[in-house]
Amino acid sequence: MPPTVCGAHDARRFDRGESLSAAPRRLSLRSPRLRLSIRAAFCLSVPLLVGVVINQRLYAIVFAIGALWAISQDGLDEWEVRGPRLLGVAVAAGVGVALGATVVNRAGSEWSLLLLFAVVALVAGFIEASDRATQGAYLLIGTIMGAGLEFTGKVWQSTLCVTCGALWVYAVAALTDRRGRLSNQRVFLANAYDQLATLVGALGTAEFYRLRATAIVTLDGAQDVVGTRPLRRDNEEEVALRECLVVALRTGEVVSFLEGKGLLVDPSVATALRNVADTLRARSGVAAVALLADLPVLFQHVDGVDGRVTEAMTLSEATKQRALAPRIGVRRSSHRRVPILERCRFAMILTVAVVSGTLVADALDGPHGFWLPLSVAFILRPDLGPVITRALARTAGTVVGVGIAAFVSWTGNSLPSLIVLSCLMAAVTPWAARRSHVLAVMAFTPIVFVFLGLLGSEKYLFVPRIIDTALAAAIVLTLDLVLWSTAPSLRPAQQLRRARDAARTYEHEAPSDDPMRRNTLRRNALRAVAHARGALDQATAEPRLLRRVDATSVTQLDEIEAAIDAHTVSLFERG
């Protein structure tokens, strides 16, 4: 029976469109991760430089705010997923800024703004919980920012600047994605083969199940980047990369078969898989396919392995025909929306939190008080992990980020130093977001003070910024403790049912004559188990007034995962 594995952090990164394929490695100019950082620095610095040159700092900063929000949603995942996400930032943020700025210009009373924030939070919360986290969040964030910055008499200009800032990042990302697409695919595939090599080396050990949860996420990332694009059949490199993906997916299934049978393989198999990964990084997909042709031979010397395994690993004509298919599946098909009543419930909790933050900010009457409800909107998000962790991380990251900004302010706030700081922090943001929420906030916060420094209004705001963030964290934690506001889609009972349903679907619908369909159903089932384990870890990590965690959940998940492996063995033996 498989031991308990965590998988919580991996599952959350996968849901956000990230991939573990971005594993830490030595950076080079060919690295997509390095290009992502350069793109972030370029997209943020250019608007600021242009604004200074033409003496339009206000509009340049508003433009840069839109760019910064889009940068936070950029990444290395498939463009068909990432592109709409960036467009969602542009549209939602633009609409939000227009709403907030219009109401503050025409009404301006505290009660009218409170009503606006409540209505928008209700709508945005429902959108967020409906698997549209980016659009919902930036609708609310844009509204609060539009009302807080008080673009007096400049509503449409400010709205246009924010929208164009996000579209600027979209345009640059689309251009660079087109130029570096094949290089990006090779990196994702290379890391997938590295994960498979590690998994092969862990056969028969307690670490196998934890590593397999990570490998599933990595393979999903590779499939999302390589397998969902229409294939240009006349491009030899594209065809080779698709073949590499097919073999990687089949290798994952074979490894599950070996674990289910209790079989071990020669260390040369792991070495061969790492050689494929190194070849993908250093050379090309065509060269990697040449190495894969020899891979089945290495399985022939494993006791208990017959021709079915070697046939599965062979680049047969049928496999090549599958490699030429337009698409091999879409990751988003595994997402399920939570029930409508649960979405409404999260929307109500978010509304109460934002209204509470606004009332506290009005009572304190501090400088830039809109930062308090803004921090609430950033912290209270569905499906992004334990609320207590995010609240503490945001507070700690804000303290460090404010320290960086205060140091630059102490040195004189010279124009070159502000531009350089924004460039460096923007370049660090993609890396920081992959590592932790604390680092992401730490990189994000100094950029905000760069904007204020360019306007000459950052003085005396360092301490209030920390206080506002801490108060927002306290509000969210109080609601989380009293109302149990963790996103309903992460509840262990719901995820356990999904894991059981996915395993049942694999058992009853997996065809023996369609290896790709069979492999997809198997990975869906294992992915659901990893998500359920992550949900269980999160539920037990936070303080609750009411405990709803079933003590037998761990055992049930172990049994489900063991049943998945047993069915994989039976499919191979029948095939």
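The values are calculated or read from the model by the stated rules, or taken from the named source; none is laboratory data. Computed from a predicted model, the values in this text were never measured in an experiment. Every residue, glycine as well, gets a Cβ built from its backbone with ideal geometry; the counts of neighbours run over all protein chains shown.
Got at least one residue in region 159-166 being among the polar types (S, T, N, Q) and under 20 Å from LEU87 (Cβ atoms)?
To start, the set of residues in region 159-166 that are among the polar types (S, T, N, Q) comprises 159, 163.
Checking the rest, the ones that are also under 20 Å from LEU87 (Cβ atoms) come to 159, 163.
Yes - at least one qualifying residue is present in region 159-166.
From the set of residues in region 27-76 that are among the hydroxyl-bearing types (Ser, Thr, Tyr) and assigned to a helix (DSSP H, G or I), which is nearest to TRP156 (Cα to Cα)?
Pass one, region 27-76, residues among the hydroxyl-bearing types (Ser, Thr, Tyr): 28, 31, 37, 45, 59, 72.
From the residues that got through so far, the ones that are assigned to a helix (DSSP H, G or I) too are 37, 45, 59.
Values: SER37: 31, SER45: 23, TYR59: 12 Å.
Checked region 27-76; the qualifying residue nearest to TRP156 (Cα to Cα) is TYR59.
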Identify the single condition in (1) crowded, with 21+ Cβ neighbours inside 10 Å; (2) modelled with pLDDT of 90 or more; (3) closer than 30 Å to LEU219 by Cβ that LEU87 does not satisfy, given that it satisfies every other one. (1)
I need the full set of residues from region 36-63 which are surrounded by 20 or more Cβ atoms within 10 Å (Cβ to Cβ) and among the basic types (Lys, Arg), in order please. ARG39
Among the candidates ASP537, ASP550, residue that is among the acidic types (Asp, Glu), surrounded by fewer than 22 Cβ atoms within 10 Å (Cβ to Cβ), touching a Cys at 6+ places or on another chain (Cβ under 6 Å) and modelled with pLDDT under 85: ASP537
When you scan region 221-230, do you find a residue that is of a type in the set (Ser, Thr, Tyr), in contact with a helix residue (DSSP H, G or I) (Cβ under 7 Å, 6 or more places away or on another chain) and outside any helix (DSSP H, G or I), even just one? yes
I'd like the full set of residues that are assigned to a loop (DSSP other than H, G, I, E, B) and either in contact with a helix residue (DSSP H, G or I) (Cβ under 9 Å, 6 or more places away or on another chain) or under 15 Å from PRO373 (Cα atoms) (or both), limited to region 109-130. SER130
Check off (1) surrounded by fewer than 23 Cβ atoms within 10 Å (Cβ to Cβ); (2) modelled with pLDDT of 85 or more; (3) within 12 Å of VAL200 (Cα to Cα) for ASN275 and give me the number that stays unchecked. (3)
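Check region 427-449 and report whether any residue there is farther than 23 Å from TRP371 by Cβ and small (Gly, Ala, Ser).
The first filter runs over region 427-449 and keeps only residues farther than 23 Å from TRP371 by Cβ, leaving 427, 430-431, 434-435.
Filter once more, so that each one left must be small (Gly, Ala, Ser): 427.
Yes, the conditions are met somewhere in region 427-449.
Residue-by-condition table, conditions (1) in a helix (DSSP H, G or I); (2) at pLDDT below 75; (3) out of contact with any Pro (no Cβ under 8 Å at 6 or more places or on another chain); (4) under 30 Å from PRO339 (Cα atoms):
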{"site": "LEU471", "(1), (2), (3), (4)": "yes, no, yes, no"}
{"site": "VAL476", "(1), (2), (3), (4)": "yes, no, yes, yes"}
{"site": "LEU481", "(1), (2), (3), (4)": "yes, yes, no, yes"}
{"site": "SER485", "(1), (2), (3), (4)": "no, yes, yes, yes"}
{"site": "ALA493", "(1), (2), (3), (4)": "yes, no, yes, yes"}
{"site": "ARG497", "(1), (2), (3), (4)": "yes, no, yes, yes"}
{"site": "ALA503", "(1), (2), (3), (4)": "yes, no, yes, yes"}
{"site": "ASP513", "(1), (2), (3), (4)": "no, yes, yes, no"}
Could you grab me the full set of residues in region 221-260 that are under 16 Å from ARG517 (Cβ atoms) and touching a Ser or Thr at 6+ places or on another chain (Cβ under 7 Å)? VAL246, GLU253, SER256
A careful count of residues in region 140-168 that are more than 14 Å from SER375 (Cα to Cα) and within 28 Å of the chain's Cα centre (by Cα) gives 11
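Quick check: anything in region 77-100 in contact (Cβ under 8 Å) with a residue 12 or more places away in the chain and not in a helix (DSSP H, G or I)? Quick ask: steps written out before the conclusion?
Taking region 77-100 first, the residues in contact (Cβ under 8 Å) with a residue 12 or more places away in the chain are 77-83, 85-100.
Now narrow it down to the ones that are not in a helix (DSSP H, G or I): 77-78.
Checking region 77-100: at least one residue is in contact (Cβ under 8 Å) with a residue 12 or more places away in the chain and not in a helix (DSSP H, G or I).
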Which numbered condition ALA64 fails, given (1) touching a residue at least 12 places away in the same chain (Cβ under 8 Å); (2) out of contact with any Leu (no Cβ under 6 Å at 6 or more places or on another chain): (2)
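Going by what's in this entry, would ALA213 be described as outside any loop (DSSP other than H, G, I, E, B), at pLDDT 85 or above and either within 20 Å of the chain's Cα centre (by Cα) or small (Gly, Ala, Ser) (or both)?
Details: outside any loop (DSSP other than H, G, I, E, B): yes; at pLDDT 85 or above: no; either within 20 Å of the chain's Cα centre (by Cα) or small (Gly, Ala, Ser) (or both): yes.
So ALA213 fails the test.
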All but one of (1) touching a helix residue (DSSP H, G or I) at 6+ places or on another chain (Cβ under 6 Å); (2) at negative phi hold for GLU150, so report the exception by its number. (2)
Out of (1) over 17 Å from LEU189 (Cβ atoms); (2) assigned to a helix (DSSP H, G or I); (3) modelled with pLDDT of 60 or more; (4) more than 29 Å from the chain's Cα centre (by Cα), what's the single condition that is false for SER256? (4)
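Among ALA147, ALA137, ALA124, ALA166, which is more than 13 Å from ALA377 (Cβ to Cβ), small (Gly, Ala, Ser), buried (at least 24 other Cβ atoms within 10 Å of the Cβ) and in contact (Cβ under 8 Å) with a residue 60 or more places away in the chain? Even if it seems obvious, please write down each step before you answer.
Details: ALA147 fails: more than 13 Å from ALA377 (Cβ to Cβ); ALA137 fails: more than 13 Å from ALA377 (Cβ to Cβ); ALA124 fails: more than 13 Å from ALA377 (Cβ to Cβ).
That would be ALA166, the only listed residue that is more than 13 Å from ALA377 (Cβ to Cβ), small (Gly, Ala, Ser), buried (at least 24 other Cβ atoms within 10 Å of the Cβ) and in contact (Cβ under 8 Å) with a residue 60 or more places away in the chain.
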Hits in region 336-369 - residues which are at pLDDT below 90, over 28 Å from the mean Cα position of the chain (by Cα) and surrounded by 22 or more Cβ atoms within 10 Å (Cβ to Cβ): ALA361
Would you please name the residue that is surrounded by the fewest Cβ atoms within 10 Å (Cβ to Cβ), looking only at residues in region 179-230 that are among the basic types (Lys, Arg) and closer than 28 Å to LEU263 by Cβ? ARG210
